[in-house]
Amino acid sequence: MGVSTRPDGALTMKAAVCREFGAPLVIEELFIDPPKRDEVLVDIYAVAICASDLHANDGSWGGALPAVNGHEASGVVAAVGPGVESVAVGDRVVVSLLRNCRDCFFCNRHETHLCERRGGFAIATEHRLHDAEGNDVVQGVYTGAFAERTVVHHSQVVRIADSMGFDVASLLACGVITGFGAVANTADVAAGSSVVVVGAGGVGLNSIQGARVAGASPIIAVDVSDQKLDDAKEFGATDVVRGDQVDVGEAVAALTGGRGADYVFVTVGSTAAIEQAIGIARKGGTVVVVGMTRTGDVVSIDGSGFAGDGKRVIGSFMGSTDLARDLPQLSQLYADGDLHLDQLITATYPLDQINEAIASTRSGQARRNVIIIEHPIAPR
């Protein structure tokens, strides 16, 4: 589509808008404001579909409408606001929902993913998107990447090499850092540790390859799909367990000297899976909750047995990722052939077919579907 502007500098663009929870997204022409202080305008070239986007579209997490969701993207910087020095116009970047101030309690403790000021940024309290009637449109998780363009805080973007494709680069914004980072950052798994990954979907596969890169052994994948278990082997699982056909606890015990696993990563948003994970971790073992459940879901724990066994349950938000620190390292692992990204992509779709891509993702058979957005001027 052609680019036009309003007198206030807002650009037009196409976006996939959620106007009703559970309904198909609607392709509309929206206006997007130019970036303000500390903000960046990015032309989106690729955006992957994450399970979290399904929850957002379904209303599982609540929120206001209309909204543009999508938070796993890559593109080219089109404009920068005052104060932005980390990127420049023309840079190829990954666009993530993670944002930070670099100067709060958590940022100073190298926990930038928990930045306590992130909710106070202008991008979180003001609107940058507007529809044809002048109504404000919400940017899902302060990203709104199911669109031709987005305006985000500068800390949400990180430069990538010109040699990296936009499709694979988009995966680094959420799924890869969430799964891989849970192993490498949150749990800091040591070589030789026994690891179980419950759920071999997009995030789970990245936890599996995170365990492989860490030198863990055995790496046991648990799922109820033969296809996903085959995928798990491709990404580094040494053993697989069909969770609906065998006793998972017995199977894991048999593979870990009867003790249970050092680490169990739950990459699906299921309370039952979390409760199961506690049972298959060894005494003194750690359960890492990676997948997000629906709002209000409660996990039940046998307090006496839990305390007596000295187990730990910890949460992992976005793989405890620091974008500026971790994305260059992950990009190098990809360049070296140690991080599988191309293999994560099941199919690509144009923006106009986003509902088909979402339906495919919802079926559970896709590793990652990616929306490819064409722009009139190709990036350098």
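Quick look at the values:
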{"quantity": "Candidates Ala272, Ala281, filtered to the one that is hydrophobic (A, V, I, L, M, F, W, C) and at pLDDT below 95", "calculated": "Ala272"}
{"quantity": "Boolean, Val287 is at pLDDT 90 or above, over 23 Å from Asp244 (Cα atoms) and assigned by TED's automatic domain parsing to the domain that holds Asn185", "calculated": "no"}
{"quantity": "Scan of segment 214-255 for residues that are assigned to a loop (DSSP other than H, G, I, E, B) and surrounded by fewer than 19 Cβ atoms within 10 Å (Cβ to Cβ), ordered by number", "calculated": "Gly215, Ser217, Pro218, Val224, Ser225, Thr238, Asp244, Gln245, Val246, Asp247"}
{"quantity": "Only listed residue being in contact with a strand residue (DSSP E or B) (Cβ under 6 Å, 6 or more places away or on another chain), closer than 17 Å to Met318 by Cβ and in the same structural domain as Ala359 (by TED's automatic domain parsing), chosen from Ala79, Ala15, Ala56, Ala48", "calculated": "Ala48"}
{"quantity": "Near pairs, Cβ below 6 angstrom, 6+ apart or cross-chain, from segment 190-203 (of a type outside the set (A, V, I, L, M, F, W, C)) to any residue that is surrounded by fewer than 24 Cβ atoms within 10 Å (Cβ to Cβ) and modelled with pLDDT of 95 or more", "calculated": "Ser193/Asp262; Ser194/Pro218; Ser194/Thr256; Ser194/Asp262"}
{"quantity": "Elements of type strands (runs of 3 or more DSSP E) contained in segment 281-380, each with 3 or more residues being under 30 Å from Met13 (Cβ atoms), touching a residue at least 60 places away in the same chain (Cβ under 8 Å) and not acidic (Asp, Glu)", "calculated": "368-372"}
{"quantity": "Residue under evaluation Glu72, criteria (1) touching a strand residue (DSSP E or B) at 6+ places or on another chain (Cβ under 8 Å); (2) farther than 21 Å from Ser331 by Cβ, criterion not met", "calculated": "(2)"}
{"quantity": "Whichever residue in segment 155-184 is of a type in the set (Ser, Thr, Tyr) and within 20 Å of Ile373 (Cα to Cα) and, among such residues, is surrounded by the fewest Cβ atoms within 10 Å (Cβ to Cβ)", "calculated": "Ser163"}
{"quantity": "Leading residue by the ranking (nearest to Gln329 (Cα to Cα)) among those in segment 79-129 that are of a type in the set (Phe, Trp, Tyr) and surrounded by fewer than 19 Cβ atoms within 10 Å (Cβ to Cβ)", "calculated": "Phe106"}
{"quantity": "Any hit, segment 316-323, residues being surrounded by 12 or more Cβ atoms within 10 Å (Cβ to Cβ), modelled with pLDDT under 95 and of a type outside the set (A, V, I, L, M)", "calculated": "no"}
{"quantity": "Residues located in segment 347-368, provided they are closer than 17 Å to Ala169 by Cβ and either buried (at least 23 other Cβ atoms within 10 Å of the Cβ) or modelled with pLDDT under 95 (or both)", "calculated": "Arg367, Arg368"}
{"quantity": "Residue match in segment 256-275 (condition: in the same structural domain as Arg294 (by TED's automatic domain parsing), touching a His at 6+ places or on another chain (Cβ under 7 Å), buried (at least 18 other Cβ atoms within 10 Å of the Cβ) and among the aromatic types (Phe, Trp, Tyr))", "calculated": "no"}
{"quantity": "Some residue of segment 13-32 being modelled with pLDDT under 95, more than 25 Å from the chain's Cα centre (by Cα), under 19 Å from His130 (Cβ atoms) and not β-branched (Val, Ile, Thr)", "calculated": "no"}
{"quantity": "Sole residue being surrounded by fewer than 24 Cβ atoms within 10 Å (Cβ to Cβ) and among the small types (Gly, Ala, Ser), chosen from Ala190, Ala211", "calculated": "Ala190"}
{"quantity": "Output for segment 247-277, where each listed residue is of a type in the set (A, V, I, L, M, F, W, C) and either closer than 17 Å to Ile208 by Cβ or touching a helix residue (DSSP H, G or I) at 6+ places or on another chain (Cβ under 7 Å) (or both)", "calculated": "Val248, Ala251, Val252, Leu255, Ala261, Val264, Phe265, Val266, Val268, Ala273, Ala277"}
{"quantity": "Some residue of segment 16-27 being β-branched (Val, Ile, Thr) and in contact with a His (Cβ under 8 Å, 6 or more places away or on another chain)", "calculated": "no"}
{"quantity": "Residues of segment 128-148 satisfying the condition of being assigned to a loop (DSSP other than H, G, I, E, B) and within 24 Å of Tyr45 (Cβ to Cβ)", "calculated": "Arg128, Asp131, Thr143, Gly144, Ala145, Phe146, Glu148"}
{"quantity": "Selected residue [of a type in the set (A, V, I, L, M, F, W, C) and either closer than 14 Å to Ile49 by Cα or crowded, with 22+ Cβ neighbours inside 10 Å (or both)] from Val138, Val152", "calculated": "Val152"}
{"quantity": "Matching residues in segment 149-180 - criterion: being within 20 Å of Lys36 (Cβ to Cβ), assigned to a helix (DSSP H, G or I) and in contact with a helix residue (DSSP H, G or I) (Cβ under 8 Å, 6 or more places away or on another chain)", "calculated": "Ser155, Gln156"}
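The values are calculated or read from the model by the stated rules, or taken from the named source; none is laboratory data. What you are looking at is a predicted structure, and each value in this text was computed from that prediction instead of being measured. Cβ atoms come from the backbone with ideal geometry, glycine included; neighbour counts cover every protein chain shown.
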